[in-house]
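The values are calculated or read from the model by the stated rules, or taken from the named source; none is laboratory data. On a predicted model such as this, the values are computed, not experimentally measured, just so you know. Note that each Cβ is placed from the backbone with ideal geometry, even for glycine, and that neighbours are counted across all protein chains shown. These accessible areas exclude ligands, DNA and RNA; they are computed on the full protein's heavy atoms, side chains included. Shrake-Rupley method; radii C 1.70, N 1.55, O 1.52, S 1.80 Å.
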Amino acid sequence: MCASVFDFLVSISYPETMAKIKMRAVFRCQQCGHESPRWHGRCPECGHWNSFKEEASIPTANRRGPGIRKLDTKPVSIGDLQSDVEHRILTGISEFDRVLGGGVVYGSVTLVGGDPGIGKTTLLLQMLPRLSQDGSAVLYVSGEESSTQIKMRAHRLGIDDPFLYLLAETSLEAIVQSAQELHPTAVVVDSIQTTFSAQLTSTPGSITQVQEVAAQLMAFAKQRDIPVFIIGHVTKEGAIAGPRLLEHIVDTVLYFEGDRGHSYRILRAVKNRFGATNEIGVFEMTEVGLQEVGNPSALFLGDRSRESAGSVVVATMEGTRPILVEVQALVAPTHFANPKRVATGVDSNRVSILLAVLEKRLGLHLSGQDVYINVVGGIRIDETACDLGVMAAVISSLRERPIDPETLVCGEIGLGGEIRAVSAIDIRIREASKLGLKRCVLPEGNLSSLDNQSSMTVAGAKHIGDVQDILFR
Ligand code: TYD
Ligand code: MG
């Protein structure tokens, strides 16, 4: 009350002071959005270093929520509510549709993040015309390239559809206005870092701008029931700039990943309000754009050296789909005081645990050995179901004895060296059988529930010691 009287007196006596009070500078963490009147070297909220930037504070009137459909204000029994079936459009690119949970949902906002040059523009340019319904317009907004540049690229990709509209624009207000006039079936905004709202004074790409742009595009998508795709670049640390806040606002977050040295790319759902997360789609970058890879296991096992020690095939579940990958281990006498432990594609803490179990339970001497673990193909394994595979690869390399290349190894390891049952064992075995594998070493606990309809020979193991006997008999 006192404050408002004070504000009122200040505003009539010194109108310009009032404006200054409202527009005072604040410092904001560019990672989590934490606001502070002074600069911090380390964000007290999220702990990021050097993430504070000075921004003009947003006048209260400009702060807008994401503009989600009108909500009922009274509590309603769930039984009385009409369930709204999500309407989806299929793009016909099955890898893309699957990652989204079965096609693009009307009115949804999808954020597609990835390193520069990984192929985000290419992917969305190839996908967008497929969302047109009987020749209805679709809009590609680019703040990064001119319309002519995009046209040249589209031409190279064989996209000449007259209903694909291009707009080289960075002003959010102009984009929304153009989209309202065009009535497109879908919109792509490339990228969120170059788009800015003229209502804010902060620079494009700052967290306030990113948040405002996302919120307004969200409101546009929900009001018009149009799917909107937003491209976002990834920072050095590997997160979409302004990540946390942005991920909360949008419906779906996809990451487009891949190794620059390899031609294949993985599209991964990390958040999805309309489907499962961890679902992946695999593509290959060719001269004529991205091509779907229908059978990723065959791709990842393609260049396997079948006779070398330290190589094993594991099956990892990516969402609902099993993917076979080769795990390699190289164990060699160390020349360092502290032996090296290097892991790519698996969590290095997990590898340390597995090595400790091997030392303690099997009495292997690994303290004088460097251990390198590599998951072939740049794919990342986050599942403990691949523990046994990693261990088998280490033992194989240490003993210089190859594992039969037609064997699949599955199992989670406990600290006592016991092998624990894994989920979706039938799906994993079926995938291995499809690719011509003949044998599977799996946890004994999985044997009882197995509906083994394939021709695979299965061997159950209870303890890590049993696996040695089975694999290196
Ligand atoms: P791009 O879609 O521009 O990446 P982003 O939008 O994520 O920055 O992809 C650029 C890379 O893709 C570039 O290095 C060239 C390569 N590329 C091909 O190999 N084939 C193609 O048909 C296209 C269009 C691009
Ligand atoms: Mg691009």
- Would you call L415 closer than 15 Å to L362 by Cβ, in contact (Cβ under 8 Å) with a residue 12 or more places away in the chain and either open to solvent by 50 Å² or more (accessible area, probe 1.4 Å) or touching a Cys at 6+ places or on another chain (Cβ under 6 Å) (or both)? yes
- Message: For the list (1) crowded, with 16+ Cβ neighbours inside 10 Å; (2) in contact (Cβ under 8 Å) with a residue 60 or more places away in the chain; (3) among the acidic types (D, E), I need the number of the one condition that D225 fails.
- Response: (1)
- May I ask you to list the residues in the stretch 157-171 that are more than 16 Å from ligand 2 (Cβ to nearest atom), free of Cβ contacts under 8 Å to residues at least 60 places away in the same chain and over 23 Å from V105 (Cα atoms)? D160, P162, S171
- Identity of the residue in the stretch 24-63, in a loop (DSSP other than H, G, I, E, B) and either open to solvent by 80 Å² or more (accessible area, probe 1.4 Å) or acidic (D, E) (or both), that ends up modelled with the lowest pLDDT: R63
- Message: I need the full set of residues from the stretch 107-151 which are within 19 Å of R88 (Cβ to Cβ), more than 15 Å from ligand 1 (Cβ to nearest atom) and not β-branched (V, I, T), in order please.
- Response: G107, S108, R130, L131, S132, Q133, D134, S136
- Message: Looking for something in a helix (DSSP H, G or I), among the β-branched types (V, I, T) and in the same structural domain as E412 (by TED's automatic domain parsing) - is there at least one such residue anywhere in the stretch 427-441?
- Response: yes
- Task: Can you tell me which residue within the stretch 425-452, out of those that are within 21 Å of A298 (Cα to Cα) and open to solvent by 60 Å² or more (accessible area, probe 1.4 Å), is modelled with the lowest pLDDT?
- Result: K434
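Which of the residues belonging to the stretch 332-366 are of a type outside the set (D, E, K, R) and either in contact with an Asp or Glu (Cβ under 7 Å, 6 or more places away or on another chain) or not assigned by TED's automatic domain parsing to the domain that holds A392 (or both)?
Once the filter is applied, which keeps residues that are of a type outside the set (D, E, K, R) and either in contact with an Asp or Glu (Cβ under 7 Å, 6 or more places away or on another chain) or not assigned by TED's automatic domain parsing to the domain that holds A392 (or both), the stretch 332-366 yields A332, T334, P339, L354, L366.
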- Query: Using beta carbons and a limit of 6 Å, which pairs, at least six apart or on different chains, have the first residue in the stretch 131-147 and within 20 Å of V176 (Cβ to Cβ) and the second one away from ligand 1 (no atom under 16 Å from the Cβ) and assigned to a helix (DSSP H, G or I)?
  - Reply: A137/L182; V138/L131; L139/A179; L139/L182; V141/I175
- Query: Out of the stretch 440-454, which residues are touching a residue at least 12 places away in the same chain (Cβ under 8 Å) and under 18 Å from E412 (Cα atoms)?
  - Reply: C440, V441, L442, P443, E444, G445, N446, L447, S449, L450
- Query: If you take the residues in the stretch 309-334 that are touching a residue at least 40 places away in the same chain (Cβ under 8 Å) and either within 16 Å of ligand 2 (Cβ to nearest atom) or part of a loop (DSSP other than H, G, I, E, B) (or both), which one is least open to solvent (accessible area, probe 1.4 Å)?
  - Reply: G310
- Task: May I ask you to say which residue of A154, A168 is more than 30 Å from C32 (Cα to Cα), touching a helix residue (DSSP H, G or I) at 6+ places or on another chain (Cβ under 7 Å), within 16 Å of ligand 1 (Cβ to nearest atom) and open to solvent by less than 60 Å² (accessible area, probe 1.4 Å)?
- Result: A154
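Assess whether I93 counts as being within 23 Å of V213 (Cβ to Cβ), β-branched (V, I, T) and assigned by TED's automatic domain parsing to the domain that holds K271.
So I93 fails the test.
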- Query: Take the residues of the stretch 104-124 that are surrounded by 21 or more Cβ atoms within 10 Å (Cβ to Cβ), of a type outside the set (A, V, I, L, M) and closer than 15 Å to F274 by Cα: which is nearest to ligand 2 (Cβ to nearest atom)?
  - Reply: T110
- Query: Pick from the stretch 257-294 the residues that are within 16 Å of ligand 2 (Cβ to nearest atom) and within 10 Å of the chain's Cα centre (by Cα): which of them is nearest to H87 (Cα to Cα)?
  - Reply: L267
- Of the residues in the stretch 188-222, how many are more than 16 Å from ligand 2 (Cβ to nearest atom) and in contact (Cβ under 8 Å) with a residue 40 or more places away in the chain? 19
- Task: Please go through the stretch 71-92 and pick out each residue that is exposed (fewer than 10 other Cβ atoms within 10 Å of the Cβ), closer than 30 Å to G294 by Cβ and among the polar types (S, T, N, Q).
- Result: none
- Query: Considering only residues of the stretch 289-308 that are within 16 Å of ligand 1 (Cβ to nearest atom) and touching a helix residue (DSSP H, G or I) at 6+ places or on another chain (Cβ under 7 Å), which is most open to solvent (accessible area, probe 1.4 Å)?
  - Reply: E292
- Message: I need the full set of residues from the stretch 455-473 which are farther than 14 Å from G411 by Cα, open to solvent by 30 Å² or more (accessible area, probe 1.4 Å) and in contact with a helix residue (DSSP H, G or I) (Cβ under 8 Å, 6 or more places away or on another chain), in order please.
- Response: S455
- Checking Q180 against (1) among the polar types (S, T, N, Q); (2) within 16 Å of ligand 2 (Cβ to nearest atom); (3) open to solvent by 10 Å² or more (accessible area, probe 1.4 Å), which test does it fail? (2)
- Which numbered condition Q211 misses (of (1) at pLDDT 90 or above; (2) open to solvent by 10 Å² or more (accessible area, probe 1.4 Å)): (1)
